[in-house]
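K.L.:
Here you go, one structure.
What follows is calculated from the coordinates using simple rules that are stated; it is not laboratory data. From a predicted model like this one, the values you see are computed outputs, not experimental measurements. Counting neighbours? That spans all protein chains shown, and the Cβs are built from the backbone with ideal geometry, glycine included.
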Amino acid sequence: MDRLGKIASSLVEAEYSYGLSVNEKKGIYRFDCSGMVQWVLKRSAPVAASTMAYGLSTRPLARDFQRRIARAPVERVRGGWQRLTRVAELKPGDVVAWLKPVEIESPNTGHVAFVLLPPVLAPGYENAYLIRIADSTRLLHDDDTRVGRSGFGFGTILLVADPETGAPIAFGWVGLRWRAFETPISLGRPSR
């Protein structure tokens, strides 16, 4: 959370980019969602970052975050990660990652973001939560800080939970303002 706060307070220029170009002193942050998460983890939870990158020939993408978090244990930390099973368990600093739904045309493999605030039940819904996140994107979320630009910022998404297990089953990119997409979603807590 400290690292995300430092980015927000020093931010002069942000851009969503598949490359990675960061100059903290000048406040320039150019990366995509997975590049941003991996960059932050390297500086705040290096064991978790190393686990995410292990065995890959390139940096981890959103699908790698989703799949590797899905394999992390629930009962303990392993490789700097602990998997969470319920949306309601999310805390600031946790990671949400999902695979790109098949009905969305995009070169991206999915999306990954940090949780900023505990989940809030969406008004009028029993199993839907509004989640404030930090990410890097071109497409704005609900109540987004990136008006007029892309890249790093804060926004609100929706996570729909299975009514029996509380596990995430769908996401809404702009909170309650658009439809939710079913896809594999992983919730993880990086620890070190």
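K.L.:
How far is it, in nm, from the label point at R179 to the one at S17 when both lie 7 Å from their Cα along the line to the Cβ?
P.N.:
3.5
K.L.:
Let me ask something else. GNM on the chain, C-alpha springs below 10 Å: top fluctuator among A48, A62, A122?
P.N.:
Sorting by GNM fluctuation, first place goes to A122.
K.L.:
Determine which residues of segment 105-135 fall in the zone a paramagnetic label at D2 would reach in this model, i.e. backbone nitrogen under 16 Å from the point 7 Å along Cα→Cβ.
P.N.:
Within reach of a label on D2: no residues.
K.L.:
Moving to a separate point now. So if R0 is 35 Å, what FRET efficiency would R138 and V77 give, r being the distance between their Cβ atoms, rounded to the nearest 0.05? Could the numbers behind the result be given before it?
P.N.:
Working: r = 33 Å, r/R0 = 0.95.
For R138 and V77, the calculated efficiency is 0.55.
K.L.:
If I build a Gaussian network model for the chain, linking alpha-carbon pairs within less than 10 angstrom, which residue out of R146, R71, R83 has the largest mean-square fluctuation?
P.N.:
Evaluated over the chain, the most mobile residue of the options is R71.
K.L.:
Please give the Cα centre distance for segment 22-99 versus segment 134-187, rounded to the nearest Å.
P.N.:
What the calculation gives is 17 Å, centre to centre.
K.L.:
Could I ask something else about it? Got the relative contact order for the chain handy, in percent, Cα pairs under 8 Å and 6 or more residues apart? Intermediate values should be presented prior to the final figure.
P.N.:
Details: 471 pairs, mean separation 43.1, N = 192.
Once normalised by length, the contact order is 22 percent.
K.L.:
Return the distance in nm (one decimal) between the two label points of a simple spin-label model at E89 and V47, each offset 7 Å from Cα along Cα→Cβ.
P.N.:
Inter-label distance under the simple model: 1.8 nm.
K.L.:
Assigning unit charges at the beta carbon (Lys, Arg +1; Asp, Glu -1) and nothing else, what dipole magnitude in debye, to the nearest 20, does the chain show about its Cα centre?
P.N.:
The calculation lands at about 820 debye.
K.L.:
Moving on. May I ask you to compute the full-extension gain from V120 to D162, defined as 0.36 nm times their residue separation minus their alpha-carbon distance, rounded to one decimal in nm?
P.N.:
13.6 nm
K.L.:
Okay, moving on. Report the residue, chosen from L84, L56, L117, that carries the largest GNM mean-square fluctuation when the chain is represented by alpha-carbon nodes joined by springs under 10 Å.
P.N.:
L56
K.L.:
Normalised by the empirical 2.2 N^0.38 Å for globular proteins, what value does the Cα Rg of the chain take?
P.N.:
Rounded to two decimals, the normalised Rg is 0.95.
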